[in-house]
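First the structure, in the form of structure tokens, and then the observations on it.
What follows draws every value from the coordinates through simple rules; no lab data is involved. Predicted model, so just to flag it, every value in this text is computed and none were measured. Cβ atoms come from the backbone with ideal geometry, glycine included; neighbour counts cover every protein chain shown.
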Amino acid sequence: MNKFAAYIQISFKQSFQYKWTFAMTLATQPILLFINMALFRSIYDYNGVDTLKGYSFEQMIWYFTSYMLVLSFVWNNTANQIARKIITGDLSMDLLRPVSLFQNLMARSIASRLIAIMMDFIPGLILYSIIIPPEFLTVQSLLTFAVVVIPAFLLNYLFNYLLGITAILIQNNASLLSVVNLLAAFTGGAFIPLEFFPSSVNRIFDFLPFKYIIYWPIQFLLNKQPDTDWMVGKVLLVQLGWIAGLYVVYRIVWRKLLSKFGDAGG
Amino acid sequence: MRTVARLLRLFYYQSKLKISRAMMYRFDFLIGMTVALCFSSIGPVLQYLIFTQTKGFPGWNLKQIILFQGVLLFVLGIRRILFGDLHYFVTELIQKGDLDRLLIKPSPAIGIILASGFNLNGIGTLLAGSVIMGYSIHALDLTITAGAIGLFALSILFGIVLFLALEIMFTCAVIVLVNIGRLDDIVQSITGFGEYPLSIFTAALKIALVTFIPFAVWVNYPAEALLNRWDNGQAAVSFLVCMLLLGISLSFWKLCLRRYTSAGG
């Protein structure tokens with residue numbers, strides 16, 4: 001555990017050198033926020049409604065902004081990092097380290113998320129709240145969000161790790177990563193609230209892990225769950241189920257794929 | 001005029017070279033094209049979902065908004081084909097100090113830069129946009145006259161002029177900042193204003209999108225031309241501002257070149 005903590009500390013110091021890159025969302029998100037405000041103001045007014053699919057105007061605008069806030073916690077570049085290590089042969093060196101690649105990259109991801117929370121989430125929450133005050137937000141909804149977003153990070157990390165090691169089989173998996181990431185964002189509710197999809201499509205999305213990474217943390221942040229305790233328990237249970245399942249897959253697949261890995265470097 | 005013809009020829013040769021290279025890696029090209037198509041289709045799918053789940057927004061019905069989305073895909077396809085590789089090319093050029101090499105060539109450096117943006121992956125988006133436009137025109141039972149086609153083409157042309165102005169400004173920013181971080185994302189976010197019908201914006205923003213930042217020229221005007229809702233006065237103002245912005249961006253370019261210190265070593 002000490003080694004793991006040391007890895008987080010070192011990665012934190014390294015990533016902190018580029019801290020302003022983490023804050024770039026603060027420049028782009030307000031622009032998107034204004035576009036969404038114009039778009040949805042027009043839709044709400046034209047439809048003559050106060051709520052749309054259960055979302056008030058503020059909640060709808062914040063839905064799209066919350067996606068960026070969720071990313072501050074869950075985003076990681078693990079799939080690309082592993083793929084690059086496999087293609088370049090750098091994986092061989094990583095296999096010799098005292099900490100496994102799984103833990104090594106997790107330490108990096110945790111460090112980068114800690115910086116993102118400092119540089120992106122907290123200032124973002126303040127800035128967006130000034131532009132459109134989130135009247136729905138309570139201390140409880142923020143705490144509930146924190147409770148579900150941590151397993152969401154683990155789940156996303158595991159998924160990305162498994163995606164990254166496909167490079168052992170297919171070498172250049174860049175296009176595959178793009179397609180899968182796009183599908184994950186789409187089915188997770190990153191682009192539009194899932195309530196806009198037909199219920200049959202939503203039933204399919206229920207069987208995928210992505211809504212537990214994006215959609216549900218947003219729901220709790222928006223304070224949209226009336227029966228919160230029960231829902232938090234249910235979401236946590238499904239998240240933990242997915243984490244356990246993907247971890248078992250990782251343990252099995254990693255050993256098998258590693259036996260196929262060959263480094264041509266010298 | 002001769003310089004422009006020479007640059008167009010250069011663009012043609014660069015494109016030919018890139019197509020030959022893409023054909024060497026056909027599978028990667030197909031996947032890249034599919035990815036580009038998927039990414040650019042998100043907007044239309046979302047608008048479709050909004051329209052099927054609500055009454056939509058003022059001034060547009062579902063069929064018309066699908067036409068709008070077809071035009072959007074068509075324009076995004078053209079943009080990707082003409083300028084898709086440009087940001088990467090410019091960043092590499094400045095960071096490696098290779099701009100010095102371009103400055104001693106007989107053609108203007110900015111012309112050579114702008115002629116290097118060809119990206120074949122935009123072809124999928126362009127085709128998808130064309131098919132959706134064709135379908136929508138049929139579904140709306142629109143009569144497309146030669147005049148409408150002319151106005152459509154004119155809007156696309158001035159849209160390219162506006163893109164050129166933005167790309168020159170982007171290049172200037174890279175020269176000044178060298179390490180641009182995610183400036184790309186900021187540009188993309190700002191241009192997002194041009195990807196929605198003007199009717200959703202407030203009166204002040206509508207005026208801005210027609211005059212000072214005439215993003216309406218990209219999708220709104222070509223769509224209005226096909227729907228026979230063309231406004232001559234409005235379009236003339238926007239076209240004029242597009243030309244003006246191109247002139248301003250070229251002045252910026254000259255100013256930036258004076259400040260340029262090679263970053264290569």
Discussion item. Lone cysteines in the protein assembly as shown, defined as no other cysteine's Cβ under 4.7 Å from theirs: which are they?
Written reply: B:CYS38, B:CYS242
Worksheet entry | DSSP-loop chymotrypsin sites (Phe, Trp or Tyr not before Pro) across the stretch B:134-227, with at most 11 other Cβ within 10 angstrom | B:PHE212
Item to complete: May I ask which of A:LYS53/B:LYS63; A:LYS53/A:LYS224; B:LYS55/B:LYS206; B:LYS63/B:LYS206; A:LYS53/B:LYS206; A:LYS53/A:LYS234 have a Cα-Cα span longer than 20 Å here?
Response: A:LYS53/B:LYS63; B:LYS55/B:LYS206; B:LYS63/B:LYS206; A:LYS53/B:LYS206; A:LYS53/A:LYS234
Worksheet item: In the stretch A:157-253, what chymotrypsin sites (Phe, Trp or Tyr not before Pro) fall in a loop by DSSP, with at most 11 other Cβ atoms inside 10 Å?
Response: A:PHE207
Worksheet item: By how many degrees, 0 to 90 and rounded to 10, does the Cα axis of helix A:139-164 deviate from the longest principal axis of chain A?
Response: 40
Fill in: FRET efficiency for A:GLN17 and A:LEU142, using Cβ-Cβ distance with R0 set to 30 Å, rounded to 0.05
0.50
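I need to check one value: relative contact order of chain B, counting alpha carbon pairs closer than 8 Å and at least 6 residues apart, in percent.
Values: 318 pairs, mean separation 66.9, N = 265.
After rounding, I find 25 percent.
What's the exposure ranking of B:LEU93, B:LEU30, B:LEU164, going from fewest to most Cβ atoms within 10 Å? Working shown, then result.
Values: B:LEU93 23, B:LEU30 14, B:LEU164 19.
Final ranking by Cβ density, sparse to dense: B:LEU30, B:LEU164, B:LEU93.
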Worksheet item: Among all the lysines, which ones have a C-alpha under 23 Å from A:LYS3's C-alpha, if same-chain residues fewer than 8 places away are not counted?
Response: A:LYS13, A:LYS85
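With r defined as the distance between the Cβ atoms of B:ILE144 and B:TYR48 and R0 fixed at 25 Å, what FRET efficiency is calculated, to the nearest 0.05? Before the final figure, lay out each step's value.
Numbers: r = 23 Å, r/R0 = 0.92.
Calculated transfer efficiency: 0.60.
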Response to the item:
Residues A:SER141, A:SER66 in order from fewest to most other beta-carbon atoms within 10 Å are A:SER141, A:SER66
Discussion item. For a quick check of your reading of the filter: which chymotrypsin sites (Phe, Trp or Tyr not before Pro) in the stretch A:91-154 sit in a DSSP loop and have no more than 15 other Cβ atoms within 10 Å?
Written reply: A:PHE136
Worksheet entry | Max mean-square fluctuation residue, GNM over chain A, Cα-Cα springs under 10 Å, options A:GLY124, A:GLY188, A:GLY241 | A:GLY241
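Once every DSSP H run of n ≥ 4 in chain A is given -39500 (n - 2.57) and the sum is divided by its residues, what mean residue ellipticity at 222 nm do you get, rounded to the nearest 500 deg cm²/dmol? Intermediate results must be reported in sequence, preceding the final value.
Values: 14 runs with 193 residues, N = 266.
Only helices count here, giving -23500 deg cm²/dmol.
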Discussion item. Could you tell me how far the Cα centroid of the stretch B:19-92 sits from the Cα centroid of the stretch A:3-58, in Å?
Written reply: 23
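So which DSSP H runs in chain B come out at 30 Å plus along the axis (Cα) with average Kyte-Doolittle of at least -0.5? Could the numbers behind the result be given before it?
On the way: long enough: B:2-24 (33 Å, 0.00); B:26-53 (39 Å, 1.17); B:62-83 (31 Å, 1.68); B:146-177 (46 Å, 2.50); B:232-259 (41 Å, 1.13).
Result, helices passing both filters: B:2-24, B:26-53, B:62-83, B:146-177, B:232-259.
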Item to complete: Take chain A, connect every pair of alpha-carbon atoms lying under 10 Å apart with a spring to form a Gaussian network, then pick out the residue of A:SER129, A:SER199, A:SER15 with the largest mean-square fluctuation.
Response: A:SER199
